[in-house]
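Have a look at the structure below, then the notes.
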Amino acid sequence: MAAKKAKQAPAAEAAAQPEQLTATAALQMSDSTAVFYVNNVEVGHTAYDFSLTCAKIPAKFSQMELDRIRATSQVELEAVVQIVVPVSLVPGLIRALTVQKEVFEQAYGQIYDVSLSGKAKREH
């Protein structure tokens, strides 16, 4: 005679299901949080993620660096940090940057877009 399988009570079935939580991340800054000032960012991607490779263009160049820049028309910069994020974060990141840009411009005025033709231009 085959043994009968015991039926689980509805409460036991519910307990077997993992609880789903919804929460918002609240980031906390501390003295040990790394902070980088950058004024140059390159954006790249793979099939799995996007990357922001950041550098700081110095305010002053040595004579040797100026000669090399004149000869090559390039400024060689050492990246100070690379931030890699999964593709799924990109739409929210763009939305958050757009909102923060709008708030900034309402408070302080329009931001110059230095990426237009390599020169600082102001949108009218």
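The values are calculated or read from the model by the stated rules, or taken from the named source; none is laboratory data. The model shown is predicted, which means the values in this text are computed figures rather than measured ones. Virtual Cβ from ideal backbone geometry, glycine too; neighbours counted across all protein chains shown.
Restricting to segment 74-109, name every residue that is loosely packed, with under 12 Cβ neighbours inside 10 Å and modelled with pLDDT under 95.
Correct list: Gln74, Glu76, Glu78.
For Ile57, indicate whether it is surrounded by fewer than 11 Cβ atoms within 10 Å (Cβ to Cβ) and assigned to a loop (DSSP other than H, G, I, E, B).
Working: surrounded by fewer than 11 Cβ atoms within 10 Å (Cβ to Cβ): yes; assigned to a loop (DSSP other than H, G, I, E, B): yes.
Here the answer is yes, as Ile57 does meet what is asked.
Please specify each residue of segment 24-43 satisfying the condition of being surrounded by 10 or more Cβ atoms within 10 Å (Cβ to Cβ) and assigned to a loop (DSSP other than H, G, I, E, B).
Answer for segment 24-43, where residues must be surrounded by 10 or more Cβ atoms within 10 Å (Cβ to Cβ) and assigned to a loop (DSSP other than H, G, I, E, B): Phe36, Val38, Asn39.
Could you grab me the full set of residues in segment 67-102 that are assigned to a helix (DSSP H, G or I), farther than 24 Å from Tyr48 by Cβ and of a type in the set (A, V, I, L, M)?
Of everything in segment 67-102, those that are assigned to a helix (DSSP H, G or I), farther than 24 Å from Tyr48 by Cβ and of a type in the set (A, V, I, L, M) turn out to be Ile69, Ala71, Val99.
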